[in-house]
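Engineer: I have a structure I would like to understand better, so I am pasting it below and will then ask my questions one at a time.
The values are calculated or read from the model by the stated rules, or taken from the named source; none is laboratory data. If you're wondering where the values come from, they're calculated on a predicted model, not measured in any experiment. Counting neighbours? That spans all protein chains shown, and the Cβs are built from the backbone with ideal geometry, glycine included. Please note that ligands, DNA and RNA were not included when accessible areas were found on the heavy atoms of the full protein model with its side chains. Shrake-Rupley method; radii C 1.70, N 1.55, O 1.52, S 1.80 Å.
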Amino acid sequence: MRTPRFRLRRGRLLGAATALTLLLAGCSGDPGEDDGRITLQFQSLAWQKESVDANKALVDEWNATHPDVRVEYVQGSWDSVHDQLLTSFEGGEAPDIIHDASDDLADFAYGGYLADLGDLLPERLKSDIPERSWETTTFGGKVYGVPFLQEPRVLIADAKWLKRSGVRIPTPEKPWSWEEFRRVTARLGDGDDGKYGVAWPLKEPVSATLNLSLSAGGRMFHRGEDGKVDIRFGKADAVMPRTVHDQVNTDKSASGATLGMGGSDTLPGFFGGKYAMVPLGFSYRQQIAQQAPEGFDWQVLPAPAGPGGLAQGVSPQTLSVAEDSPHKKEAAAFIDFFLQPPNMVKLARGDWMLPTGEEALKDPALHTEKDGWATGTALAGHLRPAPAQAVRGYPEWKDKVATPALQEYYSGAIDLAELRDRLVEDGNRVLARYQR
C-alpha cells in the first residue's frame, strides 16, 4: 500500500511538534486548535464571475451555520489542475475537497489519491443523481467523485438566417438526423461570398467526435468479459466524422479554416454573419449573451440525432475528497450541503450548465426559453458517460493517435479507411501497454 510522504514526515516530526506545542501553550495558543474547530480546504475551479460568486456565497453560508467546521475557499484553474493536483497529492498537501472533471479522475482513483465516497454520502444525494451520472465517477466498484454539473453540445444558430432560409427548425422532440443536418447546412451556405452553413471548431477533435457519435450508435471503445478494452471503428462510429468531413471537403458548407479553432475563436465570424451555426458546449451561451452585437438574434438547437436518439457523452464536473484528508465525514457533509437542489441550481446557472440532480432539473429557472435553457434541459435525460471515461491509456491514445488522425481526416488529407486503420491499429497497440 502506498504510504504518502507527508505521513512519514508527520511521524518523524510528531515529537518535536508536541514539545513545541507544550512550550507555546502558556504563551499564545492558536484559536483554531484551542477550540477544536476543523478547517477544510475546498479547491474550486469556478472561473466565470457568476460561478465564482455562487461558490463563494455557498461557502460563506456554510461557515455561518457550521462554526465547528470552517471551509476555506481555494481558487484553482482548469488549465493546470491535473498537474497541480498530482503534485499536491505526492507532496501531502492536497485540498480536502477537490473540484475536477470525471474524465480526469481515473488515474487519481486508481493511484489511491481519492477517497471512496460510497459510505460517506447521504441517501438523499445518491438517489437524486441518476445512475448514468454516477457511472462517470465509479471505478472498480467504488465512487470517487460526485458528478454535479454537465454540459451537452448544442447547435448555436443565427435565428434570422435560419428563418430566411425556410429550413425546418429542429426541436428536442423532432431533431435533425445527421443526414438532414448535412442537407440543411448545404442549403444554408456553401462558401459562396464567404458564408457557410456551419463552423466546426475542432482544435480538440476527439471529445466532440466520441461524444456526438453516441447518437449514431457509435462507441469505439469496447470492454470484454476479461475487463480489457479494445478499439473498433464500425459504420456507426463513422457517421459523425464522415458528416463533418463531407461538409468541409465535398459540400463546402463548413469552413475548413475553423477546424483548428477553439469554440470562442468562431464567435466573431458567427456574429459577423459568416456562419449560420456553430456546434458548441452549452456553457458558451454566456459568452454569446455577453458578446453578441445589439440586435443579433440567436437560438439553441439540439445536436443531430440518429439510431441512438439524442444520446451524447459527457464528462461531468465533480467533487471529490482526498484520501489523505483527516476529515472525510465533514468534507462529505459539506458536499451534501453544497449540492442541495437549490444550491445545485445556483451553481448550474452560474456556470450556464445543467445540474445532474433530478430535483434541481425541475426548477422553473432551467425551463425558460430565454438563452435556450429549455432546450438544454430537455437534453439532460439523454446524456451518457463519455465513451472513454474509464479507459486506461486513453490520454495517450487521444494525444498521439486520435487527435492527429482526426485532424488530417477532417481536413481531407487522409480518407476514412486510413482514419480507421490509425484509430484502431495504432490505438490498440497503445491500450495494450496499459492492460498487460
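Engineer: I'd like the full set of residues that are assigned to a loop (DSSP other than H, G, I, E, B) and either modelled with pLDDT of 95 or more or under 22 Å from Arg242 (Cα atoms) (or both), limited to region 384-432.
Structural biologist: Residues of region 384-432 assigned to a loop (DSSP other than H, G, I, E, B): 386-393, 412-415.
If the condition is that a residue be assigned to a loop (DSSP other than H, G, I, E, B) and either modelled with pLDDT of 95 or more or under 22 Å from Arg242 (Cα atoms) (or both), then Ala386, Pro387, Ala388, Gly412, Ala413, Ile414, Asp415 are the ones that fit.
Engineer: How many residues are closer than 20 Å to Leu162 by Cβ, of a type in the set (D, E, K, R) and open to solvent by 40 Å² or more (accessible area, probe 1.4 Å) when one looks only at region 238-292?
Structural biologist: 2
Engineer: A follow-up question, please. Just name the residue that is farthest from the chain's Cα centre (by Cα) out of those in region 70-79 that are of a type outside the set (Phe, Trp, Tyr) and open to solvent by less than 60 Å² (accessible area, probe 1.4 Å).
Structural biologist: Val71
Engineer: Filter region 34-51 down to residues that are open to solvent by less than 70 Å² (accessible area, probe 1.4 Å), of a type in the set (A, V, I, L, M, F, W, C) and either out of contact with any helix residue (DSSP H, G or I) (no Cβ under 8 Å at 6 or more places or on another chain) or farther than 16 Å from Met353 by Cα (or both), then give me how many there are.
Structural biologist: Count: 3.
Engineer: Let me ask something else about it. For region 198-222, what are the residues that are touching a Pro at 6+ places or on another chain (Cβ under 6 Å) and not in a loop (DSSP other than H, G, I, E, B)?
Structural biologist: Matches in region 198-222: Thr209, Leu210, Phe221.
Engineer: Would you check if there is a residue in region 188-198 being exposed (fewer than 15 other Cβ atoms within 10 Å of the Cβ), on the phi > 0 side of the Ramachandran plot and without any contact (Cβ under 8 Å) to a residue 60 or more places away in the chain?
Structural biologist: For region 188-198, residues exposed (fewer than 15 other Cβ atoms within 10 Å of the Cβ), on the phi > 0 side of the Ramachandran plot and without any contact (Cβ under 8 Å) to a residue 60 or more places away in the chain: present.
Engineer: Now for a different question. Could you check how many residues of region 310-338 are within 30 Å of Lys235 (Cβ to Cβ) and either open to solvent by 30 Å² or more (accessible area, probe 1.4 Å) or modelled with pLDDT under 95 (or both)? Break it down into steps so the answer makes sense when it comes.
Structural biologist: Step one: filter region 310-338 for residues within 30 Å of Lys235 (Cβ to Cβ), giving 310-316.
After this cut, where a residue has to be either open to solvent by 30 Å² or more (accessible area, probe 1.4 Å) or modelled with pLDDT under 95 (or both) as well, the list is 315.
Qualifying residue count for the region: 1.
Engineer: Another one. Quick one: count up the residues across region 382-404 that are farther than 25 Å from Pro302 by Cα, small (Gly, Ala, Ser) and crowded, with 22+ Cβ neighbours inside 10 Å.
Structural biologist: Qualifying residue count, region 382-404: 2.
Engineer: Among the residues of region 83-96, write down those that are open to solvent by less than 60 Å² (accessible area, probe 1.4 Å) and either in contact with a Pro (Cβ under 8 Å, 6 or more places away or on another chain) or not in a loop (DSSP other than H, G, I, E, B) (or both). So that I can check it myself, show each step before the final result.
Structural biologist: Applying the first criterion (open to solvent by less than 60 Å² (accessible area, probe 1.4 Å)) to region 83-96 yields 85, 88-89, 91-92, 94-96.
Matches in region 83-96: Leu85, Ser88, Phe89, Gly92.
Engineer: Then there's this: Is it the case, given these coordinates, that Gln48 is free of Cβ contacts under 8 Å to residues at least 60 places away in the same chain and of a type outside the set (Lys, Arg)?
Structural biologist: No, not satisfied.
Engineer: Separate question: Considering only region 296-351, how many residues are closer than 30 Å to Tyr113 by Cα and either out of contact with any Gly (no Cβ under 8 Å at 6 or more places or on another chain) or of a type in the set (A, V, I, L, M) (or both)?
Structural biologist: 33
Engineer: Now, a different point. Please give the strands (runs of 3 or more DSSP E) falling wholly within region 275-365 in which 3 or more residues are under 25 Å from Lys56 (Cβ atoms) and within 20 Å of the chain's Cα centre (by Cα). Please lay out each step first, then the result.
Structural biologist: Numbers: elements: 277-281, 298-302, 312-314, 317-321.
Fully inside region 275-365 and qualifying: 317-321.
Here is a yes/no grid of residues against (1) touching a residue at least 24 places away in the same chain (Cβ under 8 Å); (2) under 20 Å from the mean Cα position of the chain (by Cα); (3) crowded, with 18+ Cβ neighbours inside 10 Å:
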residue: Asp53; (1), (2), (3): yes, no, no
residue: Asp60; (1), (2), (3): no, no, no
residue: Leu114; (1), (2), (3): yes, yes, yes
residue: Thr137; (1), (2), (3): yes, yes, yes
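Engineer: Here's something else I'd like to know. I'm trying to understand the selection: among the residues of region 331-350, which are within 21 Å of Asp371 (Cα to Cα) and polar (S, T, N, Q)?
Structural biologist: Passing the criteria: only Asn343.
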